[in-house]
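S.K.: First, the structure itself, so that you have it in front of you.
The values are calculated or read from the model by the stated rules, or taken from the named source; none is laboratory data. These numbers come from a predicted model, not from an experiment. Glycine gets a Cβ as well: all are built from the backbone with ideal geometry, and neighbour counts include every protein chain shown.
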Amino acid sequence: MTIFLVIVHTIVCITLIAVVLLQSGKGAEMGASFGASGSQSVFGAGGGSTFMSKMTTGAAIIFMLTSLVLAYRGGHTGSSSIMSSKAAQKAAPQAPAAPAQTPQQTKQPAAPQGTQQAPPAPAVPAAK
């Protein structure tokens with residue numbers, strides 16, 4: 001559904017741009033407002049609405065509606081998000097499992113309380 005709306009929105013956007021650019025400017029009709037021919041027509045000095053102005057209005061309304069629907073659908077994501085499963089796991093944390101001891105850890109005697117063991121030496125990478 002969203003892909004269909006994006007396609008319709010893009011087509012209407014291009015149509016709206018084309019229709020606005022094809023219309024004649026309002027400056028071309030300045031003679032009509034000063035009493036030139038056609039100013040006393042049935043529709044008044046402004047003239048009737050042309051096919052291009054009706055087309056512009058229709059394209060603008062469709063453009064606004066598709067913009068609103070796409071914005072609404074973009075804000076309300078479906079359950080296909082991977083983040084929703086992460087949030088469910090955080091809501092119910094599991095008890096940590098006891099760490100598995102290696103045989104080396106079980107053979108070492110506990111250090112007396114008064115002494116401290118030196119930390120293990122850092123690993124040196126092998127030269128190539």
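S.K.: Taking helices (runs of 4 or more DSSP H) that fall entirely within the stretch 1-90, which contain at least 1 residues that are at pLDDT 85 or above and in contact with a helix residue (DSSP H, G or I) (Cβ under 7 Å, 6 or more places away or on another chain)?
M.R.: Counting at least 1 such residues, we get 2-22, 51-75.
S.K.: Can you tell me which residue is nearest to the chain's Cα centre (by Cα) among those in the stretch 57-74 that are in contact (Cβ under 8 Å) with a residue 24 or more places away in the chain and closer than 23 Å to Ala18 by Cβ?
M.R.: Checked the stretch 57-74; the qualifying residue nearest to the chain's Cα centre (by Cα) is Leu70.
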